[in-house]
Amino acid sequence: MSNTRWAWVEVDLDAIRHNIAHIRSVVAPAAVWAVVKADGYGHGAVAVARAAMDAGAEGLCVALVREGLELRQAGIDAPILLLTEQPPETAGHIVQHRLTPTVYTRGFVDAIVAENATGLPVHLKIDTGMQRVGVHPHAAAAMAESIAERAPAVRLAGVYTHLAVADAPTDEFTAKQLKRFDDALSHIEESQGRVPLVHIANSAGALAHPDSRRSMVRIGIAMYGISPGHGVDDLCADLRPALELRARVSYVKMARAGSRISYGRIHRFERDTNVATIPIGYADGVVRRLSTTGGEVLIGGRRCPIVGRVTMDQLMVDCGDAEVSAGDDVVMIGAQDGPDGVQRIRAEDWADRLDTIGYEIVCGLSARLARVPRRSIDG
Ligand SMILES: Cc1ncc(COP(=O)(O)O)c(C=O)c1O
């Protein structure tokens with residue numbers, strides 16, 4: 001069943017291709033691997049992965065075995081890096097489907113070897129300060145050695161780390177992480193020889209820290225055309241947002257001055273006004289707190305504020321004197337032409353209103369919304 005409701009996500013795969021091409025030109029000669037975990041940050045993992053590979057990405061990264069299998073089942077043959085160790089009982093799937101595991105404990109390497117891996121590339125993750133996962137830099141060379149001892153079942157194809165504050169370009173902690181990484185890497189290479197793939201940078205690293213571009217970069221949010229954070233907004237000017245959240249007006253009525261609307265009756269109308277109902281709510285990822293933090297939508301290219309509480313499946317907006325009808329186009333995230341020119345609402349605008357980051361907004365759009373391909377006008 002294709003889209004059967006008046007609310008959906010449109011994904012511009014030309015924008016994905018454009019963003020990958022742009023990032024490749026920035027980071028060359030480093031290779032770009034596209035991060036498509038969490039269903040491609042809510043954009044649809046398979047379609048994004050194909051577009052990214054079309055545009056010259058050389059590999060893909062996912063968080064979960066299931067996400068890797070979805071790509072394999074769609075016929076995608078590219079290298080797929082699992083970004084953390086996985087439950088040992090998934091090792092059979094990892095080996096069978098040629099996913100590239102991240103490793104940092106001997107136990108997990110053993111679980112992979114026990115599944116009769118042959119020449120399976122693995123990437124060793126070093127924790128240089130994020131303190132999430134990874135081997136301590138001082139233990140990295142020993143861990144690399146124990147991987148070498150398990151040859152030919154596995155081979156050390158990559159060594160990497162992850163930056164904690166790459167989106168704050170003046171924070172000195174990034175330089176500390178790079179130093180810890182380089183020290184650990186040189187110990188590893190002293191005993192193991194050159195490691196084929198060395199990587200550090202996420203989007204913010206790739207854009208803001210040339211030192212973190214090694215043989216490859218792992219690009220998520222920038223590929224989707226969303227800034228990693230305000231500290232690097234200026235480096236994102238050439239990226240194009242790939243996602244639009246769109247809907248249609250389901251119902252229109254006149255609300256009288258002095259009346260109140262929705263659960264809790266928190267909003268009181270000061271004057272008679274046209275109110276449009278939109279069939280999308282917090283079960284779709286339209287965060288309920290947008291009711292009170294200035295959330296708005298575009299209808300006819302005009303900004304219409306959300307009035308009253310966002311409910312599970314529906315929300316209401318104040319259209320003022322504008323003539324609005326059921327079936328009219330609504331843009332929740334994206335662009336729409338109107339009397340004052342093109343208006344735009346970005347995932348980052350929602351994030352600012354909700355004291356979060358664009359990542360959380362797009363990842364939060366639920367599976368209940370169909371993902372529909374969109375061709376960009378200038379793509
Ligand atoms: C280990 C790792 N690398 C790369 C990325 C991609 O980060 P970004 O979306 O900021 O490019 C992530 C995302 O969270 C990650 O966890």
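Every number here is computed from the coordinates shown, using simple stated rules; none is lab data. What you are looking at is a predicted structure, and each value in this text was computed from that prediction instead of being measured. Ideal geometry is used to build each Cβ from the backbone, glycine not excepted, and the neighbour counts take in all protein chains shown.
Here is how the numbers come out for the structure above:
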{"quantity": "Pairwise label distance in nanometres, R66 with A148, each label 7 Å out on the Cα-Cβ vector", "calculated": "3.9 nm"}
{"quantity": "Cα-based Kirkwood hydrodynamic radius, the chain, one decimal, Å", "calculated": "22.4 Å"}
{"quantity": "Nearest-ten-degree value, helix 140-149 long axis tilted from longest Cα axis of the chain", "calculated": "70 degrees"}
{"quantity": "Cα gyration tensor, the range 1-95 - rounded (a/c under 1.5), prolate or oblate", "calculated": "oblate"}
{"quantity": "Charge dipole (the chain, unit charges on Cβ, about Cα centre) - positive-most of A157, A144, I112", "calculated": "I112"}
{"quantity": "Rounded to the nearest 20 debye, dipole of the chain from Cβ charges on Lys, Arg, Asp, Glu", "calculated": "780 debye"}
{"quantity": "Helix-only CD estimate at 222 nm, as mean residue ellipticity for the chain, using -39500 (n - 2.57) per DSSP H run (n ≥ 4)", "calculated": "-7500 deg cm²/dmol"}
{"quantity": "Anisotropy class of the range 13-227 from Cα gyration tensor, a/c 1.5 cut", "calculated": "oblate"}
{"quantity": "Tensor-based shape of the range 243-345 (alpha-carbon gyration tensor, a/c under 1.5 rounded, otherwise prolate or oblate)", "calculated": "oblate"}
{"quantity": "Inter-label distance, nm, simple model (7 Å from Cα along the C-beta direction), E89/V342", "calculated": "5.1 nm"}
{"quantity": "Calculated from backbone phi, Karplus (6.51, -1.76, 1.60) coupling profile of the range 102-117 in Hz, x at Gly/Pro", "calculated": "7, 10, 8, 10, 5, x, 6, 4, 4, 4, 5, 4, 5, 8, 6, 4"}
{"quantity": "FRET efficiency estimate (nearest 0.05) - Cβ-Cβ, S366 to E189, R0 35 angstrom", "calculated": "0.20"}
{"quantity": "Sequence of K125, K179 once ranked by neighbouring C-beta atoms within 10 Å, starting from the fewest", "calculated": "K179, K125"}
{"quantity": "For A30, residues with placed amide H under 5 Å, excluding near neighbours", "calculated": "none"}
{"quantity": "Under 5 Å, built H, 5+ apart or other chain: amide partners of G338", "calculated": "Q343"}
{"quantity": "Neighbour-count order for D182, D77, fewest beta carbons within 10 angstrom listed first", "calculated": "D77, D182"}
{"quantity": "For G295, distant residues with modelled amide H under 5 Å away", "calculated": "I306"}
